[in-house]
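Right, one structure below, let's go through it.
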Amino acid sequence: MSDELRWVLIIGGALVIGGVLLHGLWSIRKNDSRTLVQEPSAAPDKKEAAPESEKASVVEPQMSAKLNVNDEPELGDLSISIDDDEPSTQVSDEPEQAPEGKTAVQDYIIIHIQTEEGLPMQGSSLLPLLLTLGFKYSEDGFFNRHEDASGQGPVLFRLANMFNPGTFDIDNMEQLQTEGVSLFMTLPCAGDSLPSFNMLHSAAKKIADEFSATILDHNREELDVATVRQYVEKIREFDEL
């Protein structure tokens with residue numbers, strides 16, 4: 001009887017141990033299958049998060065432009081085309097290409113009239129002087145000297161503010177203060193070249209005398225006889241083209 005009981009206990013214990021082992025193996029496989037199912041979804045989550053970090057690192061560029069009315073314009077950047085009675089001013093580093101059959105604007109004469117520091121030209125005095133010299137205000141903000149003092153005929157040369165923005169506000173001339181003006185003459189000239197240059201030079205002298213100013217050449221150096229001769233020679237060269 002004792003032997004039979006012992007075999008029953010042995011067989012029962014083996015069954016219990018086997019059941020425990022089978023249950024453990026089944027639990028391990030179940031957990032592994034869950035892990036395999038969940039792992040593929042982890043990668044897309046990381047991918048979706050990436051654009052957010054990239055987007056956060058994008059900084060939009062900002063542009064800022066300030067205009068100082070006391071800055072002087074560069075001489076080489078300004079060319080004035082005289083084709084009609086009211087020419088337009090264009091910023092260019094190269095000579096303008098004219099339509100076929102017309103002469104291209106290739107150069108210009110420029111003379112500056114600059115006052116002493118702290119003694120600016122007053123618009124209230126400048127305007128009547130310019131009108132006396134035959135200048136006419138144009139819609140683009142410059143004063144033009146036409147072939148006829150009444151404002152008729154082609155523009156021979158122009159007068160601009162020596163300092164930015166380079167133009168004049170005719171409605172606020174009484175409040176204007178500037179330490180210099182510039183006279184421009186395009187080559188080839190719309191009228192008789194040498195007489196036009198003589199008129200420009202004469203106007204520069206009268207403005208300089210009125211404001212006790214100094215006449216400067218295109219290099220901002222005091223205008224002398226040698227430079228005037230260079231200008232005359234340049235004008236003659238264009239006349240021969």
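Evaluate the following for residue 191: is it at positive phi and either surrounded by 12 or more Cβ atoms within 10 Å (Cβ to Cβ) or among the charged types (D, E, K, R) (or both)?
So residue 191 fails the test.
If I filter region 136-154 for residues that are among the aliphatic types (A, V, I, L, M) and modelled with pLDDT of 95 or more, do I get at least one hit? Lay out the reasoning, then the answer.
Of all residues in region 136-154, those among the aliphatic types (A, V, I, L, M) come to 149.
Checking which are modelled with pLDDT of 95 or more leaves us with none.
For region 136-154, residues among the aliphatic types (A, V, I, L, M) and modelled with pLDDT of 95 or more: absent.
To keep it simple, each residue is scored yes or no on (1) touching a Ser or Thr at 6+ places or on another chain (Cβ under 6 Å); (2) on the phi < 0 side of the Ramachandran plot; (3) open to solvent by 30 Å² or more (accessible area, probe 1.4 Å); (4) basic (Lys, Arg).
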| residue | (1), (2), (3), (4) |
| --- | --- |
| 214 | no, yes, yes, no |
| 219 | no, yes, yes, no |
| 227 | no, yes, no, no |
| 234 | no, yes, yes, yes |
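For region 166-225, give me each residue that is part of a loop (DSSP other than H, G, I, E, B), over 33 Å from the mean Cα position of the chain (by Cα) and free of Cβ contacts under 8 Å to residues at least 60 places away in the same chain.
Just the residues of region 166-225 that are part of a loop (DSSP other than H, G, I, E, B), to begin with: 166-169, 176, 179, 188-192, 211-213, 217-221, 223-224.
Subset that is over 33 Å from the mean Cα position of the chain (by Cα): 191-192, 211-212, 224.
Residues satisfying the conditions are 191, 192, 224.
The values are calculated or read from the model by the stated rules, or taken from the named source; none is laboratory data. Values in this document were obtained by computation on a predicted structure and should not be read as measured data. Virtual Cβ from ideal backbone geometry, glycine too; neighbours counted across all protein chains shown. Accessible surface areas use protein heavy atoms only, side chains included; no ligands, DNA or RNA. Shrake-Rupley method; radii C 1.70, N 1.55, O 1.52, S 1.80 Å.
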